[in-house]
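This report concerns only the one structure given below.
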Amino acid sequence: MDLVYQHKVQYYETDQMKVVHHSNYIRWFEESRTDFLEKSGFSYAWMEEQGIIIPVLSVSAEYKMMVHYGEEVLIFPTVTEFNGVKMALSYQVIKAMTGELATTGKSSHCFLDRAYRPLRLKKEFPQVYEMFMSCLSHGQKEIPPSAR
């Protein structure tokens, strides 16, 4: 499964110097995570209909270089931890034209039911559990060598 998410920087995402404002990277992480779930066949909308809620527990970003208005970036989300109740992802934001690593990030999440109680996916939604375990055990799309 190709998990790369492509994004073209919009003017409103930048500051006066046409550099992407730091807060937008967190939004891009969410966009890439949403895209990943849709490509996996288990969209956020589907999960919420089933009663699965996935709140963010933490999120962080480390900025390596500036990204500017009009540039395109490729965002690679990777499931790095998953135990059926909690999950962690890492993100790499790569400049599409040069292959340079612009930003890295992490987010952690848990799975809750509609009453906001922890949800054990292995027992209650085994197909979702297996999808996340597959991502964890088989790895995901490699980052291009030029971006390492």
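The values are calculated or read from the model by the stated rules, or taken from the named source; none is laboratory data. All values reported here derive from a predicted model rather than from experimental measurement. Here the Cβ is made from the backbone with ideal geometry for all residues, glycine too, and neighbour counts use every protein chain on show. For the accessible areas, the whole protein counts, side chains as well, though only heavy atoms, and no ligand, DNA or RNA atoms are used. Shrake-Rupley method; radii C 1.70, N 1.55, O 1.52, S 1.80 Å.
So that you can scan it fast, the table gives a plain yes or no per residue for (1) modelled with pLDDT of 95 or more; (2) under 12 Å from the mean Cα position of the chain (by Cα); (3) not β-branched (Val, Ile, Thr):
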| residue | (1), (2), (3) |
| --- | --- |
| PHE29 | yes, yes, yes |
| THR34 | yes, yes, no |
| SER40 | no, no, yes |
| SER43 | no, no, yes |
| GLN50 | yes, no, yes |
| ILE53 | yes, no, no |
| LEU57 | yes, no, yes |
| TYR63 | yes, no, yes |
| MET66 | yes, no, yes |
- Query: In the stretch 3-16, is there at least one residue being more than 22 Å from PRO118 (Cβ to Cβ), within 17 Å of the chain's Cα centre (by Cα) and without any contact (Cβ under 8 Å) to a residue 24 or more places away in the chain?
  - Reply: no
- Working carefully through the options ALA115, ALA61, ALA88, ALA96, find the one that is without any contact (Cβ under 8 Å) to a residue 12 or more places away in the chain and either farther than 14 Å from TYR5 by Cβ or open to solvent by 20 Å² or more (accessible area, probe 1.4 Å) (or both). ALA115
- Going by the structure shown, is TRP46 more than 17 Å from GLN92 (Cα to Cα) and not hydroxyl-bearing (Ser, Thr, Tyr)? yes
- Query: Do you know which residues across the stretch 68-85 are of a type outside the set (A, V, I, L, M, F, W, C), in a strand (DSSP E or B) and open to solvent by 10 Å² or more (accessible area, probe 1.4 Å)?
  - Reply: HIS68, GLU72, THR78, THR80, GLU81
- Failed condition for ALA102, given (1) over 30 Å from TYR129 (Cβ atoms); (2) surrounded by fewer than 19 Cβ atoms within 10 Å (Cβ to Cβ): (2)
- Selection from the stretch 55-89 of residues farther than 27 Å from TYR12 by Cβ and of a type outside the set (Phe, Trp, Tyr) yields LEU57, THR78, VAL79, THR80, GLU81, ASN83, GLY84, VAL85, LYS86, MET87, ALA88
- Message: Could you check the stretch 118-130 and list, in sequence order, the residues that are open to solvent by 30 Å² or more (accessible area, probe 1.4 Å) and farther than 21 Å from LEU3 by Cβ?
- Response: PRO118, ARG120, LYS122, LYS123, GLU124, PRO126
- Message: Could you tell me how many of the residues in the stretch 1-27 are in contact with a Cys (Cβ under 9 Å, 6 or more places away or on another chain) and either assigned to a helix (DSSP H, G or I) or open to solvent by 50 Å² or more (accessible area, probe 1.4 Å) (or both)?
- Response: 1
- All but one of (1) crowded, with 19+ Cβ neighbours inside 10 Å; (2) closer than 27 Å to LEU121 by Cβ hold for GLU30; which doesn't? (1)
- Is at least one residue of the stretch 40-53 surrounded by 15 or more Cβ atoms within 10 Å (Cβ to Cβ), assigned to a strand (DSSP E or B), without any contact (Cβ under 8 Å) to a residue 24 or more places away in the chain and at negative phi? no
